[in-house]
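The values are calculated or read from the model by the stated rules, or taken from the named source; none is laboratory data. Note that the coordinates shown come from a computational prediction; the quantities given were computed from them, not determined experimentally. Glycine also receives a Cβ, built like all others from the backbone with ideal geometry; neighbour counts cover every protein chain displayed.
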Amino acid sequence: MIRVDQLRKEFGHGAQRAVVLDGLDLSIEAREISAVVGPSGAGKSTLAQCVSLLERPTSGSVIVNGDVLSELGERELRVARRRIGTIFQSDGLFSRRTAAANVALPLEYLGVTAAESRRRVGELLDRVGLADKAVHYPHQLSGGQRQRVGIARALALRPSVILSDEATSGLDPDATTAIVELLKELRDDLDLSILFITHEMDTVLQIADSVSRLDHGRIVESGRVLELLAQPNSSLGRALQPRRGHEPAPTGATVWEVTYGADPVPADWVGLLAAGLDTTVSLLGASIETLRGATTGHATIAVSTPRHDLVEVELRLLGLDATRVGSEDLLALESEVAR
Amino acid sequence: MSGVASDTGFNVPVAQIPALLLPALGDTLIMVGIVMTIVLLVGVPLGSLIHNLAPGGLFENRAAHTVLSWVISIGRSLPFLILMAAIVPFTRFVTGTNIGIPAAVVPMSIAGIAFFTRIVENSLRSVPVALTRVARSSGASPIQIIRTAQLSEAVPSIIGGLTINTIAMIEYSAIAGTIGAGGIGYVAVTYGYDRFDNGVMLATIVVLVVLVATVQLLGDRLVRATTPHAAAAVLRLRRRPSGPSSSRPSRATESPATESTTRSAS
């Protein structure tokens with residue numbers, strides 16, 4: 001497991017001092033994939049550099065399996081770096097080395113014998129499905145294959161923690177999915193903790209168990225992905241599954257935004273709701289998907305009934321969270337009239 | 001050097017020109033060979049050092065970088081003839097003489113090192129910084145980083161620079177010929193220039209052109225051989241069983257070979 005404790009990183013001195021990371025806490029268990037998202041300039045790459053021990057934090061610590069790695073001297077730090085495997089954005093391969101020679105790099109630095117290195121490299125390339133590409137040069141490989149070589153290289157020294165720094169950025173959707181599946185498989189087989197830094201929300205949904213949003217050097221929101229999605233007022237949840245445009249509502253109907261909650265929702269809930277309220281329910285827009293066995297998503301519906309309180313109750317019984325669109329204005333108006 | 005000018009009296013017969021030029025060519029090759037060995041041995045570490053002393057480098061140190069950079073710039077800014085004259089006391093101190101090949105090697109090495117250091121620095125600058133990060137995070141020591149993530153990736157570019165540098169040194173050796181260093185330059189000056197012997201002059205020009213063209217050809221070949229996506233085509237050509245030696249049919253096989261490479265890369 002890896003823990004980041006009150007991590008703070010400043011660059012420059014005096015008036016030019018810039019605080020890039022401002023007291024960051026993160027904790028990733030073994031077999032957990034935790035994503036960190038955020039806009040560019042939020043401090044993601046600085047976080048990656050601190051976690052991979054390439055940059056020394058100004059204060060705070062990086063702790064892997066109970067050992068505080070951020071306080072070591074330069075020589076010990078070099079050894080400690082080997083406990084964290086880093087996967088870089090796809091430009092991280094050495095162009096004059098074959099796939100096998102790229103994977104062998106960390107073993108070469110460590111001083112492993114040629115025979116042992118050859119055996120391990122074969123094993124690793126096989127593991128990422130590139131056994132037949134060992135003697136290919138990076139320019140002969142596709143983006144996805146290059147990234148597989150990068151993953152094999154990150155695993156060469158049997159790290160317990162993998163840092164993925166924008167590893168799927170710049171890959172096409174199919175290659176991204178393949179890389180995500182490979183990382184999940186490796187996590188299960190090797191009990192890895194994976195810190196997955198990205199700006200791609202879609203990829204977070206595919207891969208992460210938990211997610212944190214970094215903004216201006218702080219974690220502004222974090223939680224389990226499924227829990228965040230089930231909370232309609234979570235801005236991170238909304239960012240992960242954005243609401244897109246929907247059809248206009250029929251006249252006389254009220255529009256509701258519903259969100260799938262943590263409890264299971266019957267698949268025929270639209271029909272059940274219509275039957276329960278004895279009225280028509282129109283589906284205006286929806287985005288629903290199953291992630292790790294749980295159905296998540298949201299829908300926009302129009303209901304032709306004046307009994308707004310009943311709609312909310314019925315929906316809640318079905319396991320859905322409901323908000324009436326534009327209801328705040330109307331509610332204000334109603335209360336004015338009542339007074 | 002007498003400076004006696006005549007268009008008949010001192011001309012070397014055509015048959016004797018090779019006997020005059022061959023030893024001179026040998027001298028030139030020895031001079032340039034010694035100089036380039038020194039240049040390579042000193043220039044590569046020095047270029048790596050200056051690259052890594054710069055901001056963002058492995059041993060970032062602004063003061064040391066500035067000092068080193070100035071020293072190299074001074075070495076680069078002096079015209080070779082002036083440099084050669086200016087460091088005569090130093091040359092005499094190192095070699096004990098100020099004429100002949102040993103005396104020429106010292107100023108040529110100094111000029112060559114200054115030149116090559118910049119070439120190495122420039123080549124290293126074009127290697128993606130990401131590779132240094134990859135190597136560091138894989139647990140490499142600074143020496144391992146410089147060797148694998150910087151120099152090794154820059155090899156084709158450095159060889160290209162080495163070619164330019166070698167040709168510049170051939171030119172410098174001709175200038176050094178004026179202080180009696182021997183070599184092709186010496187022959188060109190004493191026979192061609194001082195004695196208006198057009199035959200010898202022409203012969204030295206031909207020899208120099210051939211020499212420079214050969215160095216360039218070898219350099220280009222080496223650059224291709226050390227660049228994986230260029231080398232693939234070359235290797236395929238070589239692997240062909242001893243076919244017709246003319247270059248036309250083998251060139252015909254080159255284009256499908258490169259095509260299949262690009263296809264497998266897509």
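Within region B:55-66, restricting attention to residues that are outside any helix (DSSP H, G or I) and without any contact (Cβ under 8 Å) to a residue 12 or more places away in the chain, the residue that is farthest from B:R136 (Cα to Cα) is B:N61. Quick one: in region A:32-57, which of the residues that are away from chain B (no Cβ under 14 Å) and surrounded by fewer than 16 Cβ atoms within 10 Å (Cβ to Cβ) is farthest from the chain's Cα centre (by Cα)? Ranking the candidates gives A:G41 first. Taking the criterion of being farther than 18 Å from B:P107 by Cα and not in a helix (DSSP H, G or I), the residues of region B:137-188 that qualify are B:S138, B:G139, B:A140, B:S141. Across region A:120-140, the qualifying residues are those that are over 11 Å from A:A100 (Cβ atoms) and in contact (Cβ under 8 Å) with a residue 24 or more places away in the chain, and the one among them that is surrounded by the fewest Cβ atoms within 10 Å (Cβ to Cβ) is A:G129.
On the basis of being surrounded by fewer than 17 Cβ atoms within 10 Å (Cβ to Cβ), assigned to a helix (DSSP H, G or I) and among the basic types (K, R), does B:R76 make the cut? So B:R76 passes the test. Residues that are β-branched (V, I, T) and either part of a loop (DSSP other than H, G, I, E, B) or at pLDDT 90 or above (or both) were ranked within region A:220-260; the one that is farthest from A:L320 (Cα to Cα) is A:V220. Restricting attention to region A:91-107, the residues that are at the interface with chain B (Cβ under 10 Å from one of its Cβ atoms) and touching a helix residue (DSSP H, G or I) at 6+ places or on another chain (Cβ under 7 Å) total 10. Being modelled with pLDDT under 95, surrounded by fewer than 23 Cβ atoms within 10 Å (Cβ to Cβ), under 20 Å from A:V79 (Cα atoms) and within 11 Å of chain B (Cβ to nearest Cβ) holds for only one residue in A:G143, A:G111, and it is A:G111. The set of residues in region A:69-79 being at the interface with chain B (Cβ under 10 Å from one of its Cβ atoms) and over 11 Å from B:A135 (Cα atoms) consists of A:E74, A:R75, A:L77, A:V79.
Taken over region B:122-134, the criterion of being surrounded by fewer than 23 Cβ atoms within 10 Å (Cβ to Cβ) and either assigned to a helix (DSSP H, G or I) or at the interface with chain A (Cβ under 10 Å from one of its Cβ atoms) (or both) is satisfied by B:N122, B:R125, B:V127, B:P128, B:V129, B:A130, B:L131, B:R133. Within the span defined as region A:76-84, one or more residues are in contact (Cβ under 8 Å) with a residue 24 or more places away in the chain, crowded, with 21+ Cβ neighbours inside 10 Å and not hydroxyl-bearing (S, T, Y).
Quick one: A:L192 ticks every box in (1) within 14 Å of another protein chain (Cβ to nearest Cβ); (2) buried (at least 16 other Cβ atoms within 10 Å of the Cβ) except a single one, so which number is it? Tallying (1) within 14 Å of another protein chain (Cβ to nearest Cβ); (2) buried (at least 16 other Cβ atoms within 10 Å of the Cβ), A:L192 fails exactly one: (1).
Annotation note: Cβ proximity below 8 Å between a residue of region A:295-314 that is over 9 Å from A:W256 (Cα atoms) and a residue that is in a helix (DSSP H, G or I) and not hydrophobic (A, V, I, L, M, F, W, C) (sequence gap 6+ or interchain) occurs for A:H308/A:S327; A:E314/A:G276.
Just to be sure before I move on: is A:R82 within 28 Å of the chain's Cα centre (by Cα), of a type outside the set (S, T, N, Q) and at the interface with chain B (Cβ under 10 Å from one of its Cβ atoms) in the structure I sent? Yes; evaluated as a whole, the condition is true for this residue. B:T91 satisfies every condition listed in (1) surrounded by 21 or more Cβ atoms within 10 Å (Cβ to Cβ); (2) without any contact (Cβ under 8 Å) to a residue 40 or more places away in the chain; (3) within 19 Å of B:I184 (Cβ to Cβ) except (3). If I ask for residues that are surrounded by 18 or more Cβ atoms within 10 Å (Cβ to Cβ) and at pLDDT 85 or above, which ones from region B:189-210 would you list? Listed by number, the residues that qualify are B:V200, B:A203, B:T204, B:V207, B:L208.
Residues in region A:58-69 that are in a loop (DSSP other than H, G, I, E, B) and either in contact with a Lys or Arg (Cβ under 7 Å, 6 or more places away or on another chain) or buried (at least 22 other Cβ atoms within 10 Å of the Cβ) (or both): 1 in all. Inspection of region B:106-115 identifies no residue that is crowded, with 21+ Cβ neighbours inside 10 Å, within 14 Å of another protein chain (Cβ to nearest Cβ) and either aliphatic (A, V, I, L, M) or within 30 Å of A:F88 (Cβ to Cβ) (or both). A search for C-beta distances below 7 Å between a residue of region B:8-32 that is surrounded by 15 or more Cβ atoms within 10 Å (Cβ to Cβ) and any residue that is acidic (D, E) and modelled with pLDDT under 90, counting only pairs 6+ apart in sequence or on different chains, returns B:F10/B:D197; B:N11/B:D197; B:V12/B:D197. None of B:I170, B:I164, B:I158, B:I145 is crowded, with 18+ Cβ neighbours inside 10 Å, away from every other protein chain (no Cβ under 14 Å), in contact (Cβ under 8 Å) with a residue 40 or more places away in the chain and at negative phi except B:I170. Residues of region A:105-156 that are polar (S, T, N, Q) and in contact with a strand residue (DSSP E or B) (Cβ under 8 Å, 6 or more places away or on another chain): A:Q147 alone.
In region A:17-40, is there at least one residue being assigned to a helix (DSSP H, G or I) and not aliphatic (A, V, I, L, M)? Checked region A:17-40: no residue is assigned to a helix (DSSP H, G or I) and not aliphatic (A, V, I, L, M).
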